[in-house]
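Chemist: Mind having a look at this structure? Questions to follow.
The values are calculated or read from the model by the stated rules, or taken from the named source; none is laboratory data. Fair warning: this is a prediction, and the values are worked out from it, not measured in the lab. Here the Cβ positions follow ideal geometry from the backbone for every residue, glycine too, while neighbour counts run over all protein chains shown. The accessibility values were calculated without ligands, DNA or RNA, using every heavy atom of the protein model including side chains. Shrake-Rupley method; radii C 1.70, N 1.55, O 1.52, S 1.80 Å.
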Amino acid sequence: MTDTSRQIKQMVNFIMQEAHEKVNEIRIKTEHDFNLEKQMLVHNGKIKIQEEFAQKEKDLEIQQRVERSAAIGNARVKKMKARDELLDTLKRESTAKLAQITQTPQYTQLLKQLIIQGLIKIEEPVVQISCRSEDKALIRGVLTEATKEFKTIMTAAGHQVKPQVTVSETPLPSKSCSGGVILTACDNRIVLNQTLDERLEIAYHDVMPSVRKGLFTEST
């Protein structure tokens, strides 16, 4: 083998060695890049799944809060409705019992006290009393005594009064009035409602907090 052939063979072997090394280097780098890319894809995929899961969990929590809030709101509305219905029932029953009071012997005394109280409140020398037609005889029967007691009370308080109290010929409608009286003065510019219905309404609002507390616990 000549020197030239030997040199050519050595050169070829060198080139082949370089080529093998370069191919191996490229293979290693390719495998490394592939593995790195694969790891990155897996990592990003895990993060995306975690984010999606976290978002779904958050959405579910929000939905549950909304549903729970709506359920609580509906329960409160139902309880409030039940309260109002029960209180309305109590008020209707109380109104119905007013009719029974007018049938008792004590009603005459009650009318007298309502007149005396009304005269003290209205503080006018000329007063007209309106009542139901069925109460007119009772009113006339106690008017003199009621006026006398009113004068006694005012005199004891240091006031000299000479009230002129009359009974109106126009009766109060029985359908809207359960009993009691209405006092007017100064040509009806001053009106004092002393009917049983009005007294019940006042009592209803005054005792309502106590009634609610007695009927319903704080949790309801």
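Chemist: Top to bottom by accessible area (1.4 Å), largest first, where do 174, 168 land? Please list the in-between numbers first.
Modeler: Details: 174 60, 168 10 Å².
I get 174, 168, largest accessible area first.
Chemist: Okay, moving on. Whole number please: convex hull volume per residue, Cα atoms of segment 161-213, in Å³. Working shown, then result.
Modeler: Details: hull volume 6.2 nm³, N = 53.
Each residue corresponds to 117 Å³ of Cα convex hull volume.
Chemist: Further question on the same structure: At a 10 angstrom cut-off on C-beta neighbours, averaged per residue, how do the peptides 96-102, 132-138, 48-54 rank from highest to lowest?
Modeler: On the way: 96-102: 13.6, 132-138: 15.7, 48-54: 10.0.
Descending mean neighbour count gives 132-138, 96-102, 48-54.
Chemist: Looking at the chain, what % of its DSSP beta bridges pair antiparallel, to the nearest 5?
Modeler: Numbers: 9 of 14 bridges.
Around 65 percent antiparallel, to the nearest 5.
Chemist: Another question about this same structure. Could you please tell me the mean projected area of the C-alpha convex hull for segment 1-69, averaged over all directions and given in square nanometres to one decimal? Please list the in-between numbers first.
Modeler: Values: hull surface 17.8 nm².
Averaged projected hull area, Cα only: 4.5 nm².
Chemist: Taking segment 115-220, how much of its Cα-Cα pair set, in percent, is spaced more than 21 angstrom apart?
Modeler: Numbers: 2480 of 5565 pairs.
Percent of Cα pairs beyond 21 Å in segment 115-220: 45.
Chemist: With a 10 Å radius around each residue's Cβ, average the other Cβ atoms per peptide and rank 176-183, 61-68, highest first. Kindly include the intermediate steps, with their values, before the conclusion.
Modeler: On the way: 176-183: 21.0, 61-68: 10.0.
Highest to lowest by the protection proxy: 176-183, 61-68.
Chemist: For a test of understanding, tell me how many lysine pairs in segment 82-220 have Cα atoms under 26 Å apart, given they are 8 or more places apart or on different chains.
Modeler: Final tally of qualifying lysine pairs is 23.
Chemist: Cross-link partners among lysines for residue 22, C-alpha distance below 21 Å, same-chain residues fewer than 8 apart left out?
Modeler: Answer for residue 22, where 21 Å is the Cα cut-off: 9, listed by chain and number.
Chemist: Would you mind getting me the FRET efficiency between residue 43 and residue 11? Use the beta-carbon distance for r and R0 = 41 Å, nearest 0.05. Each step should come with its number before you reach the end.
Modeler: Numbers: r = 47 Å, r/R0 = 1.15.
Here the calculated transfer efficiency is 0.30.
Chemist: Which helices pass in the chain if a helix is a full DSSP H run, must span at least 20 angstrom along its long axis by Cα, and must have mean Kyte-Doolittle hydropathy not below -0.5? Don't jump to the answer; show the numbers that get you there.
Modeler: Numbers: long enough: 3-101 (145 Å, -0.89); 106-122 (24 Å, 0.53); 136-156 (30 Å, 0.21); 196-215 (25 Å, -0.31).
Membrane-span-like by this rule: 106-122, 136-156, 196-215.
Chemist: If you roll a 1.4 Å probe over segment 81-190 with all protein chains in place, what percent of the accessible area is carbon or sulfur? Working shown, then result.
Modeler: Values: 3560 of 6660 Å².
Solvent-exposed carbon and sulfur of segment 81-190 make up 53 percent of the total.
Chemist: Compute for the chain: radius of gyration divided by Kirkwood radius, i.e. Rg/Rh, restricted to C-alpha atoms, rounded to two decimals. Please list the in-between numbers first.
Modeler: Working: Rg = 49.1 Å, Rh = 26.4 Å.
Looking at the chain, the ratio lands at 1.86.
Chemist: Next question, about the same structure. Taking segment 52-97 on its own, what percent of its Cα-Cα pair distances exceed 11 Å?
Modeler: Values: 741 of 1035 pairs.
The proportion of pairs with Cα distances above 11 Å equals 72 percent.
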